[in-house]
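Take a look at the structure below.
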Amino acid sequence: MTQSIPRKIDKYYEKLLEEREREKAKNKPLIEETDVVEFFRRLGFKATAYQEKLLRDKSQFILARWSRQSGKSLAMAVAGRFNALTRSGFTAAVVAPSQRQSRKMIEKITRLVSRLGLEVLAGLPRKGKLVFRNGSVVEALPNNPDTIRGETL
C-alpha cells in the first residue's frame, strides 16, 4: 500500500527539520558542563582521587594500569562521553585485546547516555560505534594492527 502525497510531503518536511537541527548542533557542545569531575558526579558517581587525576588528564593517549574492579572502565567511559558531548567532531577509539571487550565499553557509554535523559545520539546506537549529533564518534576496535591501521583519530 502506497502512502498519500500529503503524508510523503509531511515525512520529507520532518526529515528536513531534523537535518537542520543536526546541522545546528554540529558546531556547539551538547551539554553545558565544563568540568569532567562535576559531570561524573552529575551521572551519580563519586570519583576517587586517582579517577579524578585520570579524568583531568589532558594527554592525547591515556593508559590506566590499576587493580581489578577499581573503576578504570567507568572513568574512561565517562571521559570519552564527556569529550564527545563537549567537543564537536571528537573521535575516540576504544582499543581492547578483543572486539568483544571493546564493545563492552561502548555498551557502558551507551548506558551512561541514557542517564542524562538527553537526545545526543544521531540515530540508534550501533554495535561498536556511537555517533553523536555534534559529529563526535566513539568506536570500538580490537588490538589488531590490521584493523586499526588506516583509522584517523
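Results, tabulated for the structure shown:
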| item | result |
| --- | --- |
| Count of residues meeting criterion [at pLDDT below 80 and under 17 Å from Asp146 (Cβ atoms)] in the range 85-118 | 0 |
| Only listed residue being part of a loop (DSSP other than H, G, I, E, B), modelled with pLDDT under 85, touching a strand residue (DSSP E or B) at 6+ places or on another chain (Cβ under 7 Å) and over 26 Å from Glu38 (Cβ atoms), chosen from Leu124, Leu153, Leu141 | Leu153 |
| Test for Arg22: is it open to solvent by 100 Å² or more (accessible area, probe 1.4 Å) and closer than 27 Å to Gly135 by Cα | no |
| Subset of the range 25-52 (residues that are open to solvent by less than 80 Å² (accessible area, probe 1.4 Å) and within 16 Å of Ala84 (Cα to Cα)) | Ala25, Pro29, Leu30, Ile31, Glu33, Asp35, Val36, Val37, Phe39, Phe40, Leu43 |
| The range 92-114, residues that are out of contact with any Gly (no Cβ under 9 Å at 6 or more places or on another chain) and open to solvent by 30 Å² or more (accessible area, probe 1.4 Å) | Ala93, Val95, Pro97, Ser98, Arg100, Gln101, Lys104, Glu107, Lys108, Thr110, Arg111, Ser114 |
| Test set (1) in a loop (DSSP other than H, G, I, E, B); (2) in contact with a Lys or Arg (Cβ under 8 Å, 6 or more places away or on another chain) - Ala77 fails condition number | (1) |
| Selection count where residues are in contact (Cβ under 8 Å) with a residue 24 or more places away in the chain and open to solvent by 30 Å² or more (accessible area, probe 1.4 Å), scope the range 120-134 | 3 |
| Every residue from the range 79-89 that is surrounded by 19 or more Cβ atoms within 10 Å (Cβ to Cβ) and of a type outside the set (Lys, Arg) | Ala79, Gly80, Phe82, Ala84, Leu85, Thr86 |
| Arg68 being over 19 Å from Phe39 (Cα atoms), in a loop (DSSP other than H, G, I, E, B) and more than 10 Å from the chain's Cα centre (by Cα) | yes |
| Of all residues in the range 53-75 being aliphatic (A, V, I, L, M) and modelled with pLDDT of 85 or more, the one that is surrounded by the most Cβ atoms within 10 Å (Cβ to Cβ) | Ala75 |
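The values are calculated or read from the model by the stated rules, or taken from the named source; none is laboratory data. Keep in mind it's a predicted model, so treat the numbers as computed, not measured. Using ideal geometry, Cβ is built from the backbone for each residue, glycine included, and neighbour counts are taken over all protein chains shown. The protein model used for the area step is the full one, side chains on, heavy atoms only, and it has no ligands, DNA or RNA in it. Shrake-Rupley method; radii C 1.70, N 1.55, O 1.52, S 1.80 Å.
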